[in-house]
Amino acid sequence: MSIFWIKIIASISMLLDHTGMILFPDELWLRILGRIGLPLYALCIAEGFRHTRSRGKYFLRIFILGVLCQIVYDFVSKETYLGILITFSLSLVLLTLIDALICACKGQKNPVTALLEKVRKRTLPRPACITVCAVLLSLAAGGILVLNHYVIVDYGLTGILLPVLIYLGGSSRWGRFGGAAAGTAMLACNLEGSMTPRIWSLLALAPLALYNGEPGKHKLKYFFYIFYPAHLVLLYGIDMLLAYVGR
């Protein structure tokens, strides 16, 4: 199963989940099927980070789209709640710094130390590179823990770490699945703040096991970027229309 079909399944799952959340809150089966989506999207984030030509641009796409969706969330819910794309943006920050630390330990150049060397106009020795990357990673992890304590972040620390675990599983099929399975199991056991038991997230293990690491014949890259905010606007619009008609 290619990443294209993983995205299709994840999108359908997300649509069912949000349809249940917004329009049919009493239909539990919609929320159950909706639990499949997060591990699959986490896989897409990890694979996107691994294979993208520009990690900076990839982060900006996810973050900017998250900010646009955040506007919809804030307009409708009237509360401080950071959506899943902000969660994944934090994942990408951690992934960037983890990858930088791994490269530094191997003596390889990475964007983080390259930027620092450009600012300082001198080459950093390997121990200094390792130290800088470790400090930045520690600061980022600490900042995320503080943020998660004071602000509602969708799926919390578990959601942030899920793409990280998948990425650390490596590029081999079963290594990648092992990371995904560990993260999904952690998600399934985290019941805090969940209206629907996250144990159903384990259903995602089937498509995760079938993923072959291929991109697939069809891309539809921008369709998946547009689909996320578009379906939210549509569902919230229908909900507001029904509320207005029902007055």
Being surrounded by fewer than 18 Cβ atoms within 10 Å (Cβ to Cβ) and hydroxyl-bearing (Ser, Thr, Tyr) is the filter here; which residues of the range 1-16 pass it?
2
Within the range 2-10, is there a residue that is over 25 Å from residue 149 (Cβ atoms), outside any loop (DSSP other than H, G, I, E, B) and without any contact (Cβ under 8 Å) to a residue 12 or more places away in the chain?
yes
Quick check on residue 209: is it closer than 20 Å to residue 45 by Cα, more than 18 Å from the chain's Cα centre (by Cα) and at pLDDT 90 or above?
yes
Among the residues of the range 20-35, which ones are closer than 16 Å to residue 228 by Cβ and either surrounded by fewer than 18 Cβ atoms within 10 Å (Cβ to Cβ) or out of contact with any Gly (no Cβ under 9 Å at 6 or more places or on another chain) (or both)?
21, 22
Tell me whether the range 99-110 contains one or more residues that are of a type in the set (Asp, Glu), closer than 18 Å to residue 59 by Cα and surrounded by 12 or more Cβ atoms within 10 Å (Cβ to Cβ).
yes
In the range 65-116, what count of residues is obtained for those that are part of a helix (DSSP H, G or I) and at positive phi?
0
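Each row is one residue, and each column tells you yes or no for (1) within 14 Å of the chain's Cα centre (by Cα); (2) touching a residue at least 24 places away in the same chain (Cβ under 8 Å).
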| position | (1), (2) |
| --- | --- |
| 28 | no, yes |
| 42 | yes, yes |
| 83 | yes, yes |
| 95 | yes, yes |
| 106 | no, no |
| 111 | no, yes |
For residue 119, work out the one condition from (1) in a loop (DSSP other than H, G, I, E, B); (2) modelled with pLDDT under 85 it doesn't fulfil.
(1)
Taking residue 175 as the residue in question, decide whether it is in contact with a Gly (Cβ under 8 Å, 6 or more places away or on another chain), surrounded by 13 or more Cβ atoms within 10 Å (Cβ to Cβ), farther than 19 Å from residue 10 by Cβ and not aromatic (Phe, Trp, Tyr).
yes
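The values are calculated or read from the model by the stated rules, or taken from the named source; none is laboratory data. Given the structure is predicted, the values throughout are model-derived calculations rather than measurements. Neighbour counts are summed over all protein chains in view; Cβ atoms, including those assigned to glycine, are modelled from backbone coordinates with ideal geometry.
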